[in-house]
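Comments concern the structure below.
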Amino acid sequence: MSRFFVFNLTVALTLLFLALALTTNPDFAWPLILLLPLSLLGVYDLIQPHHSILRNYPLMGHFRFIFEYIRPEIRQYLIEDERDPLPFSRDQRAIVYQRAKNASDMRPFGTVLDTSATGYGWVSHSVMPVEIKDADFRITIGAAACTQPYNASILNISGMSFGAIGRNAILALNTGAKMGGFAHDTGEGSISPYHREGGGDIIWQVATGYFGCRTPDGRFDPDLFALTATDPQVKMIELKLSQGAKPGHGGVLPKAKITPEIAATRLIDTTHDCISPSRHSAFSTPLEMLSFIQQLRTLSGGKPVGIKMCVGHRFEVLAMIKAMLETGIRPDFIVIDGGEGGTGAAPMELSDHVGLPLIEGLSFMHNALTGAGLRDDLHLGASGKMVTAFDFCRIHALGADYVMAARAFMFSLGCVQARACHTNKCPTGITTQDKHRQRALVVADKAPRVASFHHNTLGAIAQVIGAAGLAHPADLRPWHIHMRSATGEVVRGDVAYHHLPRGALLSGDVDDRLKREWDRASADSFMPQF
């Protein structure tokens, strides 16, 4: 059914009865009492800038808001709980919508969470809380070899490619990042004209397809890379090894979504699906990977260069660390992407059953770097299904220096979790290349919401850490976090996720299983040694 079927039918009936009333019988005017206001409402839906659903579905879109209003009662008695994640619950989405619109995010009547349930967590508070006046928490990313370090916010927009999302979505996100003073990761689709038009700080993701810096046969082109990487708007370079939602699988952009503009941005053609290789061709060993990182840092003029990865085989992570120790080359940052991370398109089994979840992956990377004495040499980022201040605080407590969020910022644009990202029929105009659907997303309306979500979320983080008696998220430690286990016991974060002492891997003061993994790892290969 056409998106405009209800609207077109209403207008047609309005004109029909108007013509009949004027030419045949005045009694035909009675239906106009209903039809004329509905037609005018449909016209208003088309031109108003605030609700993407109504711009794409005039008149018909109101049914969504009606059901949204009565859904709490329907869900409560007939369907499911408001906190059921699909993959984000209604409560989680609501908190983003409210903070993006600068609406009140207060909740009445106390928590609706089951505090005795497995997995319930909290932050321990202090009898001497701290009042934090400036919630613009920032860190400086850039190791000793970096000549252009970046003063980054602790909350930034994670990678969403031009292609996976549309031009208006890119422009709104990047403009919002400019307004709020934080960074926007390009995703593997390279830097589009709309990233540049927005003017916000860019983290350029270089993945296995080398989009934007590739030769005609798909290999890395250092000259093209240098031409873009030295642009002052590009603040950091992120080398993507794997993505949490589909580790071991290259990015997928269906042919139907590849416009000439996307093809020009990626340096590809429009004749077939764009499927990135599953692995890099520029290197094949940990030592070669670090040499490539050093090359990217040099070509970019000394900007921070890091890695994005979902943790898989532990010996591969340890092999990278051994290569760092052997060469003295360090990435400036490592972003851990959890297996629960989002994507526009991926095979079900990879999304559901491949890749370590964020908490386990982050904890292992933090431990491995600490055990090798390298943790202070670089920054750790984290990405994967985080929305609330507690989500972010828990991740900071377990080792992250900053976080990257994608779906949360999509909600700030108006995403309703329709899960039609791969169909090119996104109802809110975010994940589509259909220009008629894209018009639903009004950049001037949505960009401030992106900035507001960032600002208000940092304010919420400040409230949580201030209640704990702390001044900065970097002060959070595992023992600040408590979780209820399956047995009902309360477990502190430092017990649930044991942290290694500094240098423990080098001295051998680790459990036998980790020692075996360390011994199997080699800087010369990603394969285990025995």
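The values are calculated or read from the model by the stated rules, or taken from the named source; none is laboratory data. Treat the numbers as computed from the prediction; the structure is a model and nothing was measured. Here the Cβ is made from the backbone with ideal geometry for all residues, glycine too, and neighbour counts use every protein chain on show.
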From the options SER161, SER104, residue that is at pLDDT below 95 and surrounded by 13 or more Cβ atoms within 10 Å (Cβ to Cβ): SER161
Test: residue in the range 148-165 that is without any contact (Cβ under 8 Å) to a residue 24 or more places away in the chain and under 29 Å from ASP377 (Cα atoms): yes
Residue match in the range 250-263 (condition: under 23 Å from CYS146 (Cα atoms), free of Cβ contacts under 8 Å to residues at least 60 places away in the same chain and in a loop (DSSP other than H, G, I, E, B)): no
Residue match in the range 453-465 (condition: more than 23 Å from ALA405 (Cα to Cα) and either among the small types (Gly, Ala, Ser) or part of a helix (DSSP H, G or I) (or both)): no
The range 304-316: number of residues that are surrounded by fewer than 24 Cβ atoms within 10 Å (Cβ to Cβ) and not in a strand (DSSP E or B): 5
Elements of type strands (runs of 3 or more DSSP E) in the range 137-203, at least 1 residues being of a type in the set (Phe, Trp, Tyr): 150-153
Options ARG279, ARG266; residue that is surrounded by fewer than 23 Cβ atoms within 10 Å (Cβ to Cβ), of a type in the set (Lys, Arg) and within 23 Å of the chain's Cα centre (by Cα): ARG279
Odd one out for ARG196 among (1) crowded, with 23+ Cβ neighbours inside 10 Å; (2) out of contact with any Ser or Thr (no Cβ under 6 Å at 6 or more places or on another chain): (1)
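Matching residues to (1) farther than 24 Å from TRP122 by Cβ; (2) more than 12 Å from the chain's Cα centre (by Cα):
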{"residue": "GLY339", "(1), (2)": "yes, yes"}
{"residue": "GLY342", "(1), (2)": "yes, no"}
{"residue": "GLY355", "(1), (2)": "yes, yes"}
{"residue": "LEU378", "(1), (2)": "yes, yes"}
{"residue": "LYS385", "(1), (2)": "no, no"}
{"residue": "ARG394", "(1), (2)": "no, yes"}
{"residue": "TYR402", "(1), (2)": "no, yes"}
{"residue": "ARG407", "(1), (2)": "no, no"}
Filtered residue count, the range 1-28, keeping only those that are polar (S, T, N, Q) and exposed (fewer than 11 other Cβ atoms within 10 Å of the Cβ): 4
Filter result for the condition that a residue is at pLDDT 95 or above, in contact with a Ser or Thr (Cβ under 8 Å, 6 or more places away or on another chain) and surrounded by fewer than 22 Cβ atoms within 10 Å (Cβ to Cβ), over ALA447, ALA420, ALA460: ALA460
Filter pass, PRO286 being surrounded by 21 or more Cβ atoms within 10 Å (Cβ to Cβ) and either assigned by TED's automatic domain parsing to the domain that holds ALA226 or of a type outside the set (Lys, Arg) (or both): yes
